[in-house]
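Taking it in order: structure first as structure tokens, then the write-up.
The values are calculated or read from the model by the stated rules, or taken from the named source; none is laboratory data. What you are looking at is a predicted structure, and each value in this text was computed from that prediction instead of being measured. All Cβ positions, glycine included, derive from the backbone under ideal geometry; neighbour counts span all protein chains shown. Just the protein is used for accessible areas: all its heavy atoms, side chains included, with ligands, DNA and RNA removed. Shrake-Rupley method; radii C 1.70, N 1.55, O 1.52, S 1.80 Å.
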Amino acid sequence: MDFKDTPEEAAFRTEAHSWLDANVPRREQPNQTWASTLESKDSDNIVRLAKEYQQKKYDGGWACLHWPKEYGGRGASPIERVIWGEEESRYLVPSGVFDIGQGMAGPVLMQYASEEQKQRYLPPMASGEEIWCQLFSETSAGSDLAGLRMKASREGDDWILNGEKIWTSGAHYCDYGIIVARSDVDVAKHRGLTFFFLDMKSAGVEVRPIRQITGGSNFNTVVFNDVRISDSQRLGEIGGGWGVALTTLMNERVSVGDAPGPNLDQALALAETIELDGQPAIRNQAVRSQLAKWHCETAGLKYTKYRSISALSRGETPGPENSITKLVGATKAQEIACFGLDLMDAAGIVADEALVESDARFQLAYLAAPAMRIAGGTDEVLRNIIAERVLGLPQEPRADKGMSFKDIPSGA
Ligand SMILES: Cc1cc2nc3c(=O)[nH]c(=O)nc-3n(C[C@H](O)[C@H](O)[C@H](O)COP(=O)(O)OP(=O)(O)OC[C@H]3O[C@@H](n4cnc5c(N)ncnc54)[C@H](O)[C@@H]3O)c2cc1C
């Protein structure tokens with residue numbers, strides 16, 4: 001395979017680079033980044049900065065590159081999207097705020113919404129003016145999403161939603177959400193679900209922030225009390241919500257592929273700065289061997305991602321193999337954060353950006369890392385997907401297979 005830019009790709013890279021150079025500060029050191037919303041205690045500030053940057057990108061024609069132009073994108077190819085990502089990562093930009101909207105809600109609207117709805121909702125999603133969240137998980141339905149209990153009852157041309165969602169990232173600052181609810185309890189659990197979108201300011205929606213180990217509160221419980229939404233906000237068929245949710249989740253695994261937190265370059269920079277046994281840590285054999293391992297994994301992830309992107313450019317839908325990048329990336333991010341803390345010795349336990357190396361990025365990432373191994377599919381669930389759907393191994397036993405939902409025993 002030849003990964004060198006074609007003349008057209010090289011021209012695109014130059015154009016992207018020139019725009020970024022003119023509009024965004026470059027990273028002065030490899031370890032200089034904005035904290036992600038997951039790590040930060042101040043998500044309001046990150047959201048403000050992210051909105052400003054997104055609007056700038058939109059005005060310059062660099063938002064949602066792969067979306068059609070009429071919906072606020074650039075109509076770029078998957079490879080151009082990768083080139084943009086590579087160039088943008090050299091600059092100091094806020095990230096994470098629009099991933100759910102642009103990476104999941106956008107593609108779902110593109111596939112299932114009416115033309116009028118696409119014209120209404122996609123451009124403000126691309127410009128960052130409106131932010132979207134994903135209301136899927138419930139206390140009894142995370143990995144087993146199809147077991148969810150949020151109730152959708154039909155009333156004329158409307159639906160009434162009742163129940164509780166949990167772990168909804170960004171619900172406290174989001175304008176709209178995509179939601180999956182149970183519309184029929186008499187059929188098997190996967191067949192009784194229906195998918196909608198809604199205004200987060202609808203009457204009866206209550207957002208309750210959850211405090212995280214990082215000190216921030218980026219995700220929430222969202223309570224629905226007789227929330228009335230129109231049937232025109234349904235995406236897909238009644239009872240077809242599972243298929244729509246699966247499309248969303250596959251897009252999630254593509255968009256969450258790069259775990260936040262320090263990367264190999266930042267680990268390398270730290271090892272060059274910190275002293276170990278009277279010399280820079282980078283000279284230590286154990287440190288070098290760890291860095292070499294992550295170098296190999298980083299390269300493996302990069303080319304695995306390129307393989308998915310080549311598939312996308314052939315018009316194929318993202319497949320279950322995308323689970324590999326999320327599984328390996330999240331584990332690697334946690335290992336790198338832990339390595340940073342080890343190298344800093346006693347300072348490793350100080351999570352104060354004013355007092356320790358690298359603005360306490362390693363400490364914050366260490367606290368946030370376990371969440372990345374859960375969000376977007378836990379390690380175990382991703383391993384099951386890889387085993388069953390990529391390697392073709394036998395399915396794990398599913399005791400409730402074929403049972404109607406109301407007959408499945410519950411603790412409630
Ligand atoms: C930072 C963060 C952000 C999130 N943001 C959102 C969001 O915006 N919207 C949203 O809807 N949800 C969100 N979630 C929720 C996330 O999707 C769920 O936490 C995740 O799907 C796991 O579900 P659970 O927490 O209910 O754990 P469970 O499913 O109860 O799992 C508990 C444990 O059992 C293991 N397990 C479960 N099933 C199996 C199995 N079949 N085989 C082997 N092991 C198994 C799991 O791996 C895990 O270790 C977020 C989570 C996090 C951490």
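Before moving on, here are some points about what is shown:
- The lone criterion from (1) within 23 Å of the chain's Cα centre (by Cα); (2) crowded, with 24+ Cβ neighbours inside 10 Å left unmet by E130 is number (2).
- Count of the range 334-372 residues which are touching a Pro at 6+ places or on another chain (Cβ under 8 Å) and modelled with pLDDT under 85: 2
- Check on I374, assigned to a loop (DSSP other than H, G, I, E, B), within 12 Å of the ligand (Cβ to nearest atom) and either open to solvent by less than 90 Å² (accessible area, probe 1.4 Å) or not acidic (D, E) (or both): yes
- Number of residues in the range 164-183 that are small (G, A, S), over 9 Å from C133 (Cα atoms) and within 13 Å of the ligand (Cβ to nearest atom) equals 1.
- Scanning the range 377-412 for residues that are of a type in the set (V, I, T), within 13 Å of the ligand (Cβ to nearest atom) and assigned to a helix (DSSP H, G or I) yields V381, I385, I386.
- Note on the range 192-251: enclosed strands (runs of 3 or more DSSP E) holding 1 or more residues that are touching a Gly at 6+ places or on another chain (Cβ under 8 Å), buried (at least 21 other Cβ atoms within 10 Å of the Cβ) and not assigned by TED's automatic domain parsing to the domain that holds G319 are 193-199, 219-230.
- Filter pass, L301 being within 16 Å of the ligand (Cβ to nearest atom), crowded, with 17+ Cβ neighbours inside 10 Å, within 20 Å of the chain's Cα centre (by Cα) and of a type outside the set (G, A, S): no
- Of residues in the range 16-55 being in contact with a strand residue (DSSP E or B) (Cβ under 9 Å, 6 or more places away or on another chain) and surrounded by 18 or more Cβ atoms within 10 Å (Cβ to Cβ), the one modelled with the highest pLDDT: L20
- Considering residues of the range 128-152 that are charged (D, E, K, R) and not in a loop (DSSP other than H, G, I, E, B) only, the residue nearest to K406 (Cα to Cα): K151
- Contacts under 7 angstrom Cβ, first residue in the range 361-383 being closer than 24 Å to M104 by Cα and β-branched (V, I, T), partner near the ligand (Cβ under 7 Å from one of its atoms) and open to solvent by 60 Å² or more (accessible area, probe 1.4 Å), 6 or more apart: T378/S143; V381/S143
- Some residue of the range 138-146 being near the ligand (Cβ under 8 Å from one of its atoms), within 16 Å of the chain's Cα centre (by Cα) and under 19 Å from V108 (Cβ atoms): no
- Some residue of the range 154-165 being within 24 Å of the chain's Cα centre (by Cα) and not acidic (D, E): yes
- Considering only residues in the range 77-114 that are under 24 Å from I178 (Cβ atoms) and part of a loop (DSSP other than H, G, I, E, B), the one that is most open to solvent (accessible area, probe 1.4 Å) turns out to be S95.
- Taking the range 80-100 as the range and being small (G, A, S) and either over 25 Å from E70 (Cβ atoms) or assigned by TED's automatic domain parsing to the domain that holds S310 (or both) as the test, the residues that pass are S89, S95, G96.
- Within the range 337-350, one or more residues are more than 25 Å from S140 (Cβ to Cβ), open to solvent by less than 20 Å² (accessible area, probe 1.4 Å) and within 16 Å of the ligand (Cβ to nearest atom).
- Restricting T214, T247, T194 to residues that are touching a residue at least 24 places away in the same chain (Cβ under 8 Å), within 14 Å of the ligand (Cβ to nearest atom) and β-branched (V, I, T) narrows the list to T214.
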